[in-house]
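Asks: Mind looking over this structure? Questions follow.
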Amino acid sequence: MGSPAYDVLGIGNAIVDVIARCEDPFLAAHGLAKGAMTLIDEARAEALYAAMGAGVECSGGSAGNTIAGLANLGGKAAYIGRVRDDQLGKIFRHDIRAQGVAFDSAPAADGPSTARCLIFVTPDAQRTMQTYLGACVDLGPDMIDEAVVAAAGITYMEGYLWDKPAAKDAFRKAATLAHKHGRKVALTLSDSFCVDRHRADFRALVDQHCDIVFANEAELLSLYEVRSFDEAIGHLRGHKDRVFAVTRSEKGSVAFRNGEVFAVPAEPDVKVVDTTGAGDLYAAGFLYGLARGKDLGACARLGSICAAEIIAHYGARPETSLKTLAASKGAM
């Protein structure tokens, strides 16, 4: 294969983030547990959406955040995800394309409506989230376009896809096609509860299908059922030619390949406001670096810079140009 048209193709749960300010009495009136994230059904989502005040609506979801971050860095990005042909589906499509991401997945004509995360921000800066998964979990193998996969240097998928049988088939199909065309496959473990649900399958994916694996420390410990970071690292050493990128919060991150270890500290003097999207944006920076042929230490540094920008404010979209920020730190 020749040079890829896209640095990274993301495949994941397409969710619209709807963010609005409210007062505590609103939460009480609607029975919302302040500061919590709750999964809700479609009827509840529609009722709450109708009751919300004016706010911001943007494309979201873990892989969507990563792909948008990569485009913000100046990377060439594409995305595959399931939305419905409704108002929020149009918002998702418009917003992710406006980020510079190629998104051509056909919307569903029937079935559940577009997924959304309704985020209520109170004056004390607490975020109360009500999430309806809707259409996004109906992603299936028929949505995986071989031409798009072949055109991407790396196909990046989120562990949340493993919750539905059809999405598992889509994951396997995408991984098989990527390797057929000489491309790489990346997986993020998503969260430790996701790992708990799918531990055996995730180990098999790491062993058989993935070239690049992202995890935070808790997810890695859960994957290998160990208590210490050093024990978990021992399990990684036997994976020849695999890249592992592991974030450790204030301890920074560690990247591994073929026995080489690159430990990179967290960015200094960052006031943590909201950790939403930190892992997603770390992956964006790391993948951008890989696509540019940087060594793993430089990739991890880029990831840390992107994560630091995100945690310094609310939301999972950069408030400044990541490309400009990274360049100012000598990381581009």
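The values are calculated or read from the model by the stated rules, or taken from the named source; none is laboratory data. All values reported here derive from a predicted model rather than from experimental measurement. Virtual Cβ from ideal backbone geometry, glycine too; neighbours counted across all protein chains shown. Accessible surface is based on the protein model in full, side chains and every heavy atom, while ligands, DNA and RNA are left aside. Shrake-Rupley method; radii C 1.70, N 1.55, O 1.52, S 1.80 Å.
Asks: Which value in Å does the Kirkwood hydrodynamic radius of the chain take, with 1/r averaged over all unlike C-alpha pairs and then inverted? The partial results should precede the final answer.
Replies: Working: mean 1/r = 0.0500 Å⁻¹.
After inverting the pairwise mean of 1/r, the radius is 20.0 Å.
Asks: Once neighbouring chains are kept in place and the probe is 1.4 Å, which whole percent of the accessible area of the range 118-172 is contributed by carbon and sulfur?
Replies: Accessible surface attributable to carbon and sulfur in the range 118-172 totals 55 percent.
Asks: Work out the length of the dipole vector of the chain about its Cα centre, built from +1 on the beta-carbon of each Lys and Arg and -1 on the beta-carbon of each Asp and Glu, and round it to the nearest 20 debye. Walk me through the intermediate numbers first.
Replies: Values: 35 positive and 41 negative charges, 171 e Å.
The dipole magnitude comes to about 820 debye.
Asks: Ranking request for peptides 38-47, 290-299: highest mean number of other beta-carbon atoms within 10 Å first, then the rest in descending order. Walk me through the intermediate numbers first.
Replies: Numbers: 38-47: 13.9, 290-299: 18.4.
Sorting 38-47, 290-299 by mean packing, highest first, produces 290-299, 38-47.
Asks: Then there's this: Give a residue-ordered list of calculated ³J(HN,Hα) values for the range 276-286 (Karplus: 6.51 cos²θ - 1.76 cosθ + 1.60, θ = phi - 60°; whole Hz; x for Gly, Pro).
Replies: So the J values, rounded to whole Hz, are 4, x, 4, x, 4, 6, 4, 4, 4, x, 5.
Asks: Taking H as built 1.01 Å from N, whose amide H comes closer than 5 Å to the amide H of Ser105, not counting residues under 5 places away?
Replies: Under 5 Å from the amide H of Ser105: Gly81.
Asks: Turning to a different aspect of this structure: Going by average Cβ neighbours within 10 Å, how do the peptides 56-64, 175-183 rank, with the highest at the top?
Replies: On the way: 56-64: 24.7, 175-183: 17.8.
Descending packing order for the listed peptides: 56-64, 175-183.
Asks: Please report the net charge: other residues with Cβ closer than 13 Å to the Cβ of Glu219, K and R +1, D and E -1. Could the numbers behind the result be given before it?
Replies: On the way: positive: Arg197, Arg199, Arg203, Arg248; negative: Glu158, Asp191, Asp196, Glu217, Glu225.
So the surrounding residues net to -1.
Asks: log₁₀ I(q)/I(0) of the range 1-118 at q = 0.12, 0.20 Å⁻¹, via Debye over equal Cα point scatterers, no solvent, to two decimals?
Replies: Log10 of I(q)/I(0), two decimals: -0.49, -1.08.
Asks: May I pose another question? Could you work out the mean projected area of the convex hull around the alpha carbons of the range 195-305, in square nanometres to one decimal?
Replies: Numbers: hull surface 28.0 nm².
Over all viewing directions, the range 195-305 projects a mean Cα-hull area of 7.0 nm².
Asks: If I model a spin label as a point 7 Å beyond the Cα along the Cα-Cβ vector, how far apart are those points for Val270 and Ser228 in nm?
Replies: In this crude label model, Val270 to Ser228 measures out at 2.7 nm.
Asks: Then there is this: What percent do you get for the relative contact order of the range 64-144 when only Cα pairs under 8 Å and 6+ apart count? Spell out each step's value before the answer.
Replies: Details: 121 pairs, mean separation 24.1, N = 81.
After rounding, I find 30 percent.
Asks: Please report, as a whole percent, how much of the solvent-accessible surface of the range 242-332 comes from carbon and sulfur atoms (probe radius 1.4 Å). Each step should come with its number before you reach the end.
Replies: Details: 1960 of 3890 Å².
Of all accessible area on the range 242-332, carbon and sulfur atoms account for 50 percent.
Asks: As a test of the formula, what do you get for the chain when each DSSP H run with n ≥ 4 contributes -39,500 (n - 2.57) and the sum is divided by the residue count, at 222 nm and rounded to the nearest 500 deg cm²/dmol? Each step should come with its number before you reach the end.
Replies: On the way: 12 runs with 130 residues, N = 332.
For the chain, the value works out to -12000 deg cm²/dmol.
Asks: Compare the Cα positions of Gly89, Val121, Met143 along the charge dipole of the range 80-174 (+1 at Cβ of Lys, Arg; -1 at Cβ of Asp, Glu; about the Cα centre) and return the one farthest towards the positive end.
Replies: Positive-end residue among those listed: Val121.
Asks: Let me ask something additional. Run the quick spin-label model on Ala33 and Glu260: label points 7 Å from Cα toward the beta carbon, then report their separation in nm to one decimal.
Replies: Placing both labels 7 Å along Cα→Cβ, they lie 4.5 nm apart.
Asks: Here's a follow-up. Among 24-37, 109-122, what's the highest-first ranking by average C-beta atoms within 10 angstrom per residue? Kindly include the intermediate steps, with their values, before the conclusion.
Replies: Working: 24-37: 12.9, 109-122: 19.2.
Listed from highest to lowest mean packing, they are 109-122, 24-37.
Asks: While we're on this one: Angle between the Cα long axis of helix 192-208 and the longest principal axis of the chain, 0 to 90 degrees, nearest 10?
Replies: 30
Asks: Moving to a separate point now. Accessible area per residue for the chain in Å², computed with a 1.4 Å probe and the full protein assembly in place, what is it?
Replies: Values: 13820 Å² over 332 residues.
Here the residues of the chain average 42 Å² of exposed surface.
Asks: Based on the Cβ-Cβ distance of Ala147 and Asp85, what FRET efficiency does E = 1/(1 + (r/R0)^6) give at R0 = 30 Å, to the nearest 0.05?
Replies: On the way: r = 23 Å, r/R0 = 0.76.
According to the calculation, E is roughly 0.85.
Asks: Could you work out the relative contact order of the range 247-332, using alpha carbon pairs under 8 angstrom and six or more residues apart, expressed as a whole percent?
Replies: Numbers: 137 pairs, mean separation 24.6, N = 86.
The normalised contact order for the range 247-332 reaches 29 percent.
Asks: Next question, about the same structure. Once the Cα atoms of the range 126-192 are picked out, what are the Rg and Dmax in Å?
Replies: Expressed in Å, the Cα Rg and Dmax of the range 126-192 come to 13.6, 46.
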